[in-house]
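Data first, discussion second: the structure below is written as structure tokens.
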Amino acid sequence: MSMPRQLDLEQIRSSLIRQEETIIFALIERAQFRRNAATTELDHPAFRSVLRPSTRTFLDHMLLEHERLHATVRRYTAPDEHAFFPSRLPAPALLTEPQPSVLQPNAINVNDQIRALYESTIIPALCAGGDDGNYGSATLCDIAALQAISKRVHYGKFVAESKFRSQTAEYTALIEARDSSGIMALLTNSAVEEKLLRRVRAKASTYGQDIEDPNAAMPAGSAGAHGGVGGGGGGGSGSGGGGGGGGGGAGSQLKVDPEQIVSLYRDFVIPLTKEVELIYLLERLNGCHVAYADARGRRAAEMHFAARAGAPTAPTATVRFAPHLDVDAVLGAVAARKATYGIVPLADSRGALDVPTVHRLSVGALCVCADVLVHDEPLILATRADAGVGASAAPLVATALSAVHGALGALHDGASWLCRAAPSAQLVALAPHADLRALLETAGARTAVLCSQSDATAAGLALVECTVERPKTNTRPSRFLVVSTVEQAMATGADRSLLFFKVVHASGALARVLAVFNSFGVNLENIHPYADPDGGEHACFFAECTGHASEAQLAQTLQELRACTTHLRCLGSFVSGAAPMS
């Protein structure tokens, strides 16, 4: 297979080396300011004059406006650029130029993980604590660092494509078997990673100097160390992390500890890049297929995946959405590798837990990799476009209806309004995935359905009434889970884990479980009990806690919990708050 220039390993290596320097300089610049946590807090008093109403942080605001400006000049139509707010960007003002198709179409965007890592881990390690009031300057440095890290991490797509084309047979076999561990092993080259870390250490030691006497900072024999930086880091490792080559001379001090930047690369940049490579390769042969079960599931899928793909002009924006009969069918499609991801409900807008979903996940091998919040659409009454009453076929009105069909949740939400507006109508619950148009074609002339505008439009229905009122207390979004066969293996410091466990029906059984969480200091955010659908003398619980299952604190907690539960499974760990902004 011929290799385009963009996929030549030397070309990729050259680009990655330049990106290293961009990241290092960006972090050095950010380190001169304190943490300034106010810039990442919602509704902080300092920014109320700028953000009205305050629905996002100051960093959100600055980053979004920055991306909006850059989007007008085609920045995010390039395959190596990934926006943090891709669904909120304008179309380019400049004519779009054709991009070379070197990557397979994809919608991979891990910027939510990058940002969570940056705010929760990188900034606290890099910057002195406290607040210095330099909010604008610090935020501009944050934007530069975030975008540089994002570009470096997502460049893993080019690395993965190059490796796939070099070892097509080996990767194809692993991809078809969905062997994530095998793919990761084939991707990993420990010698190259160590060489990269030595190079980063040498660069950080050199670029981070605050040089007062250039002659003192460049002692005899140091040219070899600097040559090592440009030539691949062979001579830049030095002793003690590269300080002897470029940063250890008399009269100089370091603006940032080189080991912090090395740690950033070793613990975050390299693992996240490999995660991007893995996801890209798993989708390499058949693309990204997303299974969902109903209209709300489709909306959740579009919010999570289509939004991440960016503007329609983006050359890599493609996701295939596939409707399925029910949640069982969605989970079955993902488990059978017929879908890359599945969208399943966790809780409705009234906060009621979807017990069947939780219970099915508790006994399978699938894992939760994200959640999505979906606000319910307004309800409308709709019927066939040609429906009418009497010889003149006058349009239907709500008071003339004899029957209203709708999903149970819709009928529940619209019950009070329907009693007033359509007092003669019989309320009939719809079966899941009912064909609305077919139903109305066989129903009486005075029949309507209670549904969302998008459902009505999809079925080609006409509006009867559009002022159906939902209960004022019903303002929470519904919550959906994104499930896959591949977990988010890397902790970000801002993660949430979903747990399922069973205990025997006995006095003190739950208290022992709660005591374990308390003893390890794990914050249990909520817990939902429900009767065991399988019967037996057990109580089932769904719980959410802070932390990632790979972190020592939660891993030890789970190990201890196995002794006081009859069944325990971590359903998944993922970035908390990864849903799109309101």
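The values are calculated or read from the model by the stated rules, or taken from the named source; none is laboratory data. What you are looking at is a predicted structure, and each value in this text was computed from that prediction instead of being measured. Every residue, glycine among them, receives a Cβ derived from its backbone with ideal geometry; neighbour counts consider all protein chains shown.
A few comments on the model shown:
Condition check ((1) in contact with a helix residue (DSSP H, G or I) (Cβ under 9 Å, 6 or more places away or on another chain); (2) basic (Lys, Arg); (3) assigned to a helix (DSSP H, G or I)) across all residues:
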position	(1), (2), (3)
ILE123	yes, no, yes
ASP132	yes, no, no
LEU140	yes, no, yes
ALA145	yes, no, yes
LYS151	yes, yes, yes
LYS157	yes, yes, yes
ALA160	yes, no, yes
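- Segment 106-121: number of residues that are assigned to a helix (DSSP H, G or I) and crowded, with 20+ Cβ neighbours inside 10 Å: 9
- Residues located in segment 252-291, provided they are among the charged types (D, E, K, R), part of a loop (DSSP other than H, G, I, E, B) and over 21 Å from the mean Cα position of the chain (by Cα): LYS255, ASP257
- The number of residues in segment 1-48 being in a helix (DSSP H, G or I) and either crowded, with 19+ Cβ neighbours inside 10 Å or touching a residue at least 60 places away in the same chain (Cβ under 8 Å) (or both) comes to 25.
- Condition check for ALA83: under 17 Å from the mean Cα position of the chain (by Cα), closer than 27 Å to VAL319 by Cβ and in the same structural domain as THR39 (by TED's automatic domain parsing): yes
- Some residue of segment 58-75 being out of contact with any strand residue (DSSP E or B) (no Cβ under 9 Å at 6 or more places or on another chain) and within 18 Å of VAL159 (Cβ to Cβ): no
To keep it simple, each residue is scored yes or no on (1) of a type in the set (S, T, N, Q); (2) over 22 Å from the mean Cα position of the chain (by Cα); (3) exposed (fewer than 12 other Cβ atoms within 10 Å of the Cβ).
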| site | (1), (2), (3) |
| --- | --- |
| PRO92 | no, yes, no |
| GLU97 | no, yes, yes |
| GLY130 | no, yes, yes |
| TYR135 | no, yes, no |
| ASP142 | no, no, no |
| LYS157 | no, no, no |
| SER166 | yes, yes, no |
| GLU170 | no, yes, no |
| ALA185 | no, yes, yes |
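- Residues located in segment 49-91, provided they are within 24 Å of TYR280 (Cα to Cα), part of a loop (DSSP other than H, G, I, E, B) and out of contact with any Lys or Arg (no Cβ under 7 Å at 6 or more places or on another chain): ARG74, ALA78, PRO79, HIS82, ALA83, PHE85
- Only listed residue being in contact with a Pro (Cβ under 8 Å, 6 or more places away or on another chain), hydroxyl-bearing (Ser, Thr, Tyr) and buried (at least 21 other Cβ atoms within 10 Å of the Cβ), chosen from THR357, THR340: THR357
- Residue count for segment 112-123, restricted to those that are within 17 Å of LEU278 (Cβ to Cβ) and free of Cβ contacts under 8 Å to residues at least 40 places away in the same chain: 0
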